[in-house]
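*Asks:* Structure provided below as structure tokens; questions to follow.
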Amino acid sequence: MKHLITTKDFSKEEILALFKDAKEFLDEKPRELLKGKSITTIFFENSTRTLSSFETAAKRLNAKVLRLDVSRSSSSKGETLFDTAANLDAMNPSAIVVRHQHSGVPLSLAKHVHCPVLNGGDGKHAHPTQALLDLFTIYEHFKGDVRGKKVIIVGDIKNSRVANSNIELLTRFGLEIILVAPPHFMPKTSLKQFYKLDKNLIKQSDVIMSLRTQTERHQKQIYGSLKDYANDFCITKDLIEDQKLIILHPGPVHRNVDISDEVLADERSLVLKQVKHGVAIRMAALKKVILEQ
Ligand code: CP
């Protein structure tokens, strides 16, 4: 059984094959590849992009989608996650997509069900399809020539499952990662790290990946204000000037805190292209885990 819990679940060769499929799926044409299959989505944490992206992907492949509304499910009456899973499993879905605020839930779930489980994000741990779509966006932009490209990851890295998954995946594909964050957002790591975002650093980079400040994961407010944070870490036109680079963000973007309005509107900002690529990558991932069993 093939699950997608972390990016490590797919080898480099499998990821390149996934990108090949995703590139074809960018035409957005409906396909019959998952006709007769059913996909259950169960999101215990809010989502705009990932949930709708997985559901769009499933529908474009002609699968049926059952969305379990957690607020109306028996989880809210005290049913354990694993009893919920056992009941969903009894309905024989072809795959389950789960998001949970606690790290490790998708892996535990995978041990209790008889179908592939795809992780839509678990706590601070992993967000594999986000990292895959981010690498795919970089891969498409540089026409496959990604080895040695310098990626600055800026923001609340320590609390970010997106950063965790990207660090594993991008490093494996030979990209160089540089972390930029205030000390309290910096994880313990041997990667190059800086506590300040300056023009010299940006001049050396090919990609800037900005991350949201994950205020919901902070025990207490650990900076003066978002304005103070933005003064040091917001991606502005003054910082990037006319340099040839691309800017990514997984969303949701805190405008003028993570990235300025002006830079978001700049053609080097690929934030909406990431969303488009996300559907294609999730189509490829659903196809892979369901059909390659
Ligand atoms: N990128 C991402 O995970 O966004 P959502 O929280 O809206 O799904």
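The values are calculated or read from the model by the stated rules, or taken from the named source; none is laboratory data. The model shown is predicted, which means the values in this text are computed figures rather than measured ones. Cβ atoms come from the backbone with ideal geometry, glycine included; neighbour counts cover every protein chain shown.
*Asks:* Answer yes if at least one residue in segment 140-147 is aromatic (Phe, Trp, Tyr) and under 25 Å from residue 187 (Cβ atoms), and no otherwise.
*Replies:* Checked against the condition, which is being aromatic (Phe, Trp, Tyr) and under 25 Å from residue 187 (Cβ atoms), segment 140-147 yields no hits at all.
*Asks:* Sort out which residues of segment 245-279 are closer than 28 Å to residue 27 by Cβ and charged (D, E, K, R), and write them in order of number.
*Replies:* 266, 267, 268, 273, 276
*Asks:* What residue, of 113, 105, is β-branched (Val, Ile, Thr) and more than 27 Å from residue 163 (Cα to Cα)?
*Replies:* 113
*Asks:* Output the residues belonging to segment 28-51 that are within 16 Å of the ligand (Cβ to nearest atom) and among the basic types (Lys, Arg).
*Replies:* 49
*Asks:* Another question, if that's okay. Looking for something in contact with an Asp or Glu (Cβ under 9 Å, 6 or more places away or on another chain), on the phi > 0 side of the Ramachandran plot and within 15 Å of the ligand (Cβ to nearest atom) - is there at least one such residue anywhere in segment 124-132?
*Replies:* no
*Asks:* Evaluate the following for residue 75: is it over 18 Å from residue 129 (Cβ atoms) and among the polar types (S, T, N, Q)?
*Replies:* In short, yes.
*Asks:* Among the residues that make up segment 31-44, is at least one of them out of contact with any Lys or Arg (no Cβ under 7 Å at 6 or more places or on another chain) and either of a type in the set (Ser, Thr, Tyr) or not assigned by TED's automatic domain parsing to the domain that holds residue 62 (or both)?
*Replies:* Yes, because at least one residue in segment 31-44 is out of contact with any Lys or Arg (no Cβ under 7 Å at 6 or more places or on another chain) and either of a type in the set (Ser, Thr, Tyr) or not assigned by TED's automatic domain parsing to the domain that holds residue 62 (or both).
*Asks:* Same structure again: Can you say whether residue 90 is assigned by TED's automatic domain parsing to the domain that holds residue 21, touching a His at 6+ places or on another chain (Cβ under 7 Å) and over 20 Å from residue 123 (Cβ atoms), as far as the supplied structure shows?
*Replies:* no
*Asks:* Under the condition of being more than 17 Å from the chain's Cα centre (by Cα) and assigned to a helix (DSSP H, G or I), which residue from segment 244-288 is surrounded by the fewest Cβ atoms within 10 Å (Cβ to Cβ)?
*Replies:* This residue is 261.
*Asks:* Then there's this: Counting only residues that are charged (D, E, K, R) and at pLDDT 95 or above, which one in segment 200-212 is nearest to the chain's Cα centre (by Cα)?
*Replies:* Going through the qualifying residues, I end up with 206.
*Asks:* Give me the residue from segment 97-111 that is more than 16 Å from the ligand (Cβ to nearest atom) and without any contact (Cβ under 8 Å) to a residue 24 or more places away in the chain and, out of that set, farthest from the chain's Cα centre (by Cα).
*Replies:* 111
*Asks:* Next question, about the same structure. Name the residues in segment 52-75 that are under 13 Å from residue 283 (Cα atoms), within 16 Å of the ligand (Cβ to nearest atom) and charged (D, E, K, R), would you?
*Replies:* 55
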